[in-house]
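Note sheet for the following structure.
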Amino acid sequence: MTSKLMNVFLEDINTRIKSSTQINQWRNTADAWFKEIPNKSRHTFISFDVIEFYPSISEKLLLSALKFAAGYTTITERDKAIILHTKKSILYNNGQPWGKKTSQNLFDVTMGCFDGAETCELVGAYILYQISKKYKNKFGLYRDDGLGALNATPRQVDNIKKDLCAIFGSHDLRILIEANRKIVNFLDVTLNLENGKYEPYTKPNTTITYVHKDSNHPPNIIKNIPLAINKRLSEISSDGNAFSKAVPIYQEALEKSGYQHKLEFSSPKAIPLKARNRQRKRNTIWYNPPYSNTVHTNIGKTFFKLIDEEFSTDHKLHKIFNRNIIKLSYSCMNNVKQAINSHNQKLLSLNHQETTNPGCNCRNKNTCPLPDNCLAKSVIYQASVTTTDNNKPVTTYVGLTENSFKTRYNLHKSTFNDISKRYSTELSSYIWELKESSTDYNIAWKILSHAKPYSKTAEIANYVVADPFH
Ligand SMILES: [Zn+2]
């Protein structure tokens, strides 16, 4: 299972927790929560942020969060093993692993990894739930940023601050707290308890840039950009004045990107709750062809015509392949910068291969898994398992490591000997199966190819294709 699927799985868990516990875990803004605060002028804010949230999540904490999540949804032992395993990843910076707090067991919630944000959210929900048990809905959390509003005496505020530190501290997390403020900038909104107003907030010295009107993007995306910005800015403005005050920099950015649209305040229409709930999820198959404005063929139209023709109403697969289920959404192609970067990476990694002759440092050269080459780095490798049981075909596993092959090999070996690591990889699961049925086996290792070193600008997907152990 790749991290990408894990992300969907974790997101589903998070959604279930949120709807069952009613905790204030925010996905974008806190303005809805702010509107509900009664007697705002008597309240003050307490804001906090969790220091180095991602890298500080320990295996123990994640396990506790999963145990908590299991109260709201089914999480099997195997799901758990996979979630923990996908965390055992390392982010590389110029070939060197980023510093990690818990490096001894390869445990790390990787920032930028597909499920990093979701993992943080899960752990956040778990801690927020503990806070909410004491303080109801007075506190909320968005990733590592927390906010609360309280009607309390300075002495009480002091105690609450200590209490919050203690709750996070019990999970080996540290927070920075600020209290007694009437106005805070939280995410993209400035919230004011004195007058109950809120308005869009942009960090000083930030340049706002939008996709240019003439850029190579599907027309409906371009058309929707100014409308979406207008809607968003209206939503986070308490009234027309707040809107006008914040809008000039956005207007300027829009004009710079070639748009004529004039930003105007429109009070957001309240969507009745009923209508919102009725939107049930339907099964959709997405077709995402790359978009380019130099292509004149209407790909979407041609595609749907094919669907109609090939899966006509009397076709037995029509139920699955029809216009109601298949949706089209264009994907954008890499821009020039990404193309250049990926090309450079490719050349550099070729260079890297030619100049290094890693060799072998095994004490007994006869037992070396990859004679003369076990110290090779950044490789995609394959393990072929043959057994004495003729009914079992040769089974192969492919893995990727940025470290030396030998380090990874030793890690694999440990998963074959330690039952608690049984589900670490598909390979170890299989080996344990063979062991249990007393089948003799042999594993042959080989290097399939040398991987590109990780690059932030190159497509992250390159890295995930061959997920280390799966
Ligand atoms: Zn060797």
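Report the extension gain between His315 and Tyr287 in nm, rounded to one decimal, defined as 0.36 nm multiplied by the number of residues separating them, less their alpha carbon distance.
Working: separation 28, 0.36 × 28 = 10.08 nm, distance 2.05 nm.
In short, 8.0 nm is gained.
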How far apart, in nm, are two points set 7 Å out from the Cα along the Cα-to-Cβ line at Ser244 and at Asn361?
7.1 nm
Non-local amide H neighbours of Lys327 (under 5 Å, H modeled in plane, Pro and chain starts lacking H): which ones?
Ile285, Trp286, Tyr287
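So if R0 is 41 Å, what FRET efficiency would Lys134 and Asn185 give, r being the distance between their Cβ atoms, rounded to the nearest 0.05?
Values: r = 26 Å, r/R0 = 0.64.
After rounding, the FRET efficiency stands at 0.95.
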Whose amide H sits under 5 Å from the amide H of Arg174, counting only residues 5 or more places off or on another chain, with H placed in the peptide plane?
Ile51
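Arranged from highest to lowest average of other beta-carbon atoms within 10 Å per residue, in what order do the peptides 294-305, 368-379, 171-182 appear? Before the final figure, lay out each step's value.
Numbers: 294-305: 10.9, 368-379: 18.7, 171-182: 14.9.
Highest to lowest by the protection proxy: 368-379, 171-182, 294-305.
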Quick check: residue separation of Lys305 and Asp372 times 0.36 nm, minus the Cα distance between them. What number comes out in nm?
18.5 nm
If you stretched the chain out fully between Ala32 and His343, how much longer would it get, using 0.36 nm times the residue separation minus the C-alpha to C-alpha distance?
107.3 nm
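Using r as the Cβ-Cβ distance of Ile325 and Thr297, and R0 as 35 Å, what FRET efficiency do you calculate, to the nearest 0.05? Present the calculation step by step, with values, prior to reporting the outcome.
Working: r = 23 Å, r/R0 = 0.67.
Calculated transfer efficiency: 0.90.
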So which of Lys35/Lys136; Lys301/Lys337; Lys80/Lys138; Lys80/Lys133 end up more than 24 Å apart, counting from Cα to Cα?
Lys301/Lys337; Lys80/Lys138; Lys80/Lys133
If amide H atoms are built 1.01 Å from N in the plane of the peptide, which residues on other chains or at least 5 residues away come under 5 Å of the amide H of Ala149?
Ile46
Of the peptides 42-53, 247-258, how do they stack up when ordered by the mean number of other Cβ atoms within 10 Å, highest first?
42-53, 247-258
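Using only C-alpha positions, report the orientation-averaged shadow area of the convex hull of region 115-233, nm², one decimal. Don't jump to the answer; show the numbers that get you there.
On the way: hull surface 42.1 nm².
Seen from a random direction, the Cα hull of region 115-233 projects 10.5 nm² on average.
Any read-out appearing in this document is the output of simple, stated calculations on the displayed coordinates, not a laboratory observation. Model, not experiment: these values are computed from the prediction. As a convention, Cβ positions derive from the backbone with ideal geometry for all residues, glycine included, and neighbour counts pool all protein chains shown.
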